[in-house]
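No value in this document is a laboratory result; all are computed from the given coordinates. Nothing here was measured: the structure is a model prediction, and the numbers come from that model. Reconstructed Cβ throughout: ideal geometry from the backbone, glycine too, with neighbour counts over all protein chains shown.
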Amino acid sequence: MQKQYYKLISIGVIILAIVAAVFVQPSFFNKGIDFVNQKLSWGVPHIQGKEFMLGLDLQGGVELLYEADLSDLDPEAHSQAMNGLRDVIERRINTLGVREPEVEAVISGDTYRLKVRIPGITDPQEAIKEIGRTPYLEFQELKKDYEEIQERNQEVEVTGEGEIEALFQPTELTGRYLKGAGIAFDQTTNQPYITLEFNEQGAIIFEEITGRNIEKPIAIFIDGEVLSAPNVSQRITGGTAQITGEFTTEEAKFLARNLNAGALPVPIGEPISMVTVGPTLGMISLQKSLKAGFFGFLAVIIFLIIIYRLPGLLASIALLIYGVLLLALFKLGSFTLTLSGIGGFILSLGMAVDANILIFSRMREEIRSGKDLASSVDEGFKRAWPSIRDGNLTTLIVGLILFGVGTSFVQGFAITLCLGILISMFSAVFISRSFLVVLAQTRLSKINKLWL
């Protein structure tokens, strides 16, 4: 029963590896399809391929230059605001850490600009769309002389239409303090509205603003347009607010989603410069890295076969399957590959080799103690598993920490490393074990020289 179970696993793994190989390198299989079609006059269609996404260091991309409007901020807060703007734009592009853009704050005299480089894109308009519409959220209070302004503009009302913006002035509360946004529905009208929650510092500022504007309106602006101007009845604590307006449900969801993606701490307009940039390292560096990786992998395979014989050969096959599966996952998830990411891939490969060596060493000890091969395989895996688990788990924890606190390039290395570790554990624990258990039930199990 156990042999049948592991035999099915082995067959399933081989089929999965073939499918992954076709996905990774479809051109090779398309040549075979062309040959079959030519010889047999069949009409088998080609397999559609998908290119690997390469980073700025290997492929280049597009560079956008934005100018930030810091006119309403204290000069001492300019640097902090630009850092916040950089983080928001990077977070918006680099969802899950798979794009690895370069976002840099640039100071030119009294002008503050943001340079954004996105890999793999050559059309500037596509890059602008990639960044998306990141809203600028701000809360404004009435000007001290708003009564005089109203007297000069009798047609303007706080709750009506007209030049309402003329009555308000900016406060220190903007989207830089936003913790999260969501949508809710009015229980009476079923009209959707947006809920806002500020961080600890934003909650304090919001409490101060509402405290000094009791019985007065506070206007909520998105990208310079007022959405609502509710009257404040009392000081509001807890750091929560609402944006009401004539929203449809889809509009409310869209605005809440964009606010969650990162409301800008300062406003930016259209990019003032759009250029295509070339790779910083180029394809030569990629080719050299792949060449070094190939010879290194070949050396590992030779070492495993010489030292561990048949188990080493099975481990080499498992490592090849591991590599194909990981590359397929990179393509499927559209992960951007940089040299740092390739480094994470190679490091995870080393962890997979280490797991196999632990298993084989334990298994040999059991064989030398007089146990049969099938029992030695089971016992070897049981004894090696705690070491494999702890070693990979600690590395995985470090990778998650790097992903959580690192910049985009570090995040790319971390996510490649983490994915590689997970698949390498699958390779060592399932693929290698399945192959060994199946062979342990064959005549090859009687030839000691193949196992010792």
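Things to note:
- Taken over the Cα atoms of region 4-50, the convex hull encloses 85 Å³ per residue.
- Kirkwood Rh in Å, taken over the chain so that all alpha-carbon pairs contribute: 26.7
- Calculated mean residue ellipticity, 222 nm, the chain: -18000 deg cm²/dmol, from DSSP H runs (n ≥ 4) at -39500 (n - 2.57) each, averaged per residue and rounded to 500.
- In terms of other Cβ atoms within 10 Å, E250, E197 run from fewest to most in the order E250, E197.
- R368 paired with D34, simple spin-label distance in nm, labels 7 Å along Cα-to-beta-carbon: 5.4
- Sites V277 and L400, calculated FRET efficiency, Cβ-Cβ separation with R0 35 Å, nearest 0.05: 0.65
- If R0 equals 45 Å, the separation of the Cβ atoms of A77 and L332 corresponds to a calculated FRET efficiency of about 0.55.
- Translational diffusion coefficient (Stokes-Einstein; Kirkwood radius from C-alpha pairs) of region 369-452 at 37 °C, 0.692 mPa s, in µm²/s: 220
- Kyte-Doolittle at least -1.0, axis length at least 24 Å by Cα - qualifying DSSP helices, the chain: 2-24, 283-332, 339-368, 373-405, 408-426
- As a proxy for reagent exposure, H46, H78 were ordered by neighbouring Cβ count within 10 angstrom, fewest first; the result is H46, H78.
- In this calculation the C-beta distance from S233 to D123 is compared with R0 = 51 Å, giving a FRET efficiency of 0.50.
- Positive end of the dipole of the chain (Cβ unit charges, origin at the Cα centre): among I305, I128, F403, the Cα lying farthest that way belongs to I305.
- Built amide H within the under 5 Å cut-off of L54, gap 5+: L337
- Dipole magnitude for the chain: computed about the Cα centre from +1 point charges on Lys and Arg Cβ and -1 point charges on Asp and Glu Cβ, it is near 4880 debye.
- Taking each residue as 0.36 nm, the span from K288 to S108 lengthens on full extension beyond its C-alpha to C-alpha distance by 61.0 nm.
- When the C-alpha to C-alpha distance is required to be over 27 Å, the pairs from K288/K331; K253/K331; K115/K143; K115/K288; K31/K291; K7/K39 that qualify are K253/K331; K115/K143; K115/K288; K7/K39.
- Length added when fully stretched, I15-F185, from 0.36 nm per residue minus Cα-Cα: 56.2 nm
- The stretch between R257 and E270 holds 2.6 nm of extra length on full extension. This uses 0.36 nm per residue minus the Cα-Cα distance.
- A simple spin-label model places the labels of D354 and Y5 2.9 nm from each other, with each point 7 Å out along Cα-to-Cβ.
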